[in-house]
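S.K.: Let me give you the structure first, and then I'll get to my questions.
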Amino acid sequence: MQGLSEDQVQLAETLQRHLAIKERDWHRLKSDRHRRAAEQLSAALLLLLRNGAQADGDVVALLESAQRWIQREQRDPGCPDHGRRSS
């Protein structure tokens, strides 16, 4: 994307890192719809700034995911490893 400084991209990266749910906080925050929407929005912003028009499809998918979280239409599918027994 033209006209962006490296500082602006770094700010978006920092925001995305801070909003991404860390492994140790996953169970506590995985169903927080506003937190999940913010995580999706920051990822969309970063992708847009880094890749511009090449990322349009992925950016739109992240925006739609954020919208579904806000509207309570999307839920966390849960941890795939929970409930599995070792053979």
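S.K.: Select from the stretch 28-58 the residues that are surrounded by fewer than 13 Cβ atoms within 10 Å (Cβ to Cβ) and not hydrophobic (A, V, I, L, M, F, W, C) and write down the one among them that is nearest to GLY78 (Cα to Cα).
M.R.: SER31
S.K.: Further, regarding this structure: Name the helices (runs of 4 or more DSSP H) wholly inside the stretch 8-87 in which the number of residues that are at pLDDT below 95 is 2 or more.
M.R.: Passing ranges, in order: 26-29, 33-51.
S.K.: Somewhere in the stretch 3-10, is a residue aliphatic (A, V, I, L, M) and without any contact (Cβ under 8 Å) to a residue 12 or more places away in the chain?
M.R.: Scanning the stretch 3-10, I find no residue that is aliphatic (A, V, I, L, M) and without any contact (Cβ under 8 Å) to a residue 12 or more places away in the chain, so the answer is no.
The values are calculated or read from the model by the stated rules, or taken from the named source; none is laboratory data. No experiment lies behind these values; they were computed from the predicted model shown. Here Cβ is always computed from backbone atoms with ideal geometry, including for glycine, and neighbour counts include all displayed protein chains.
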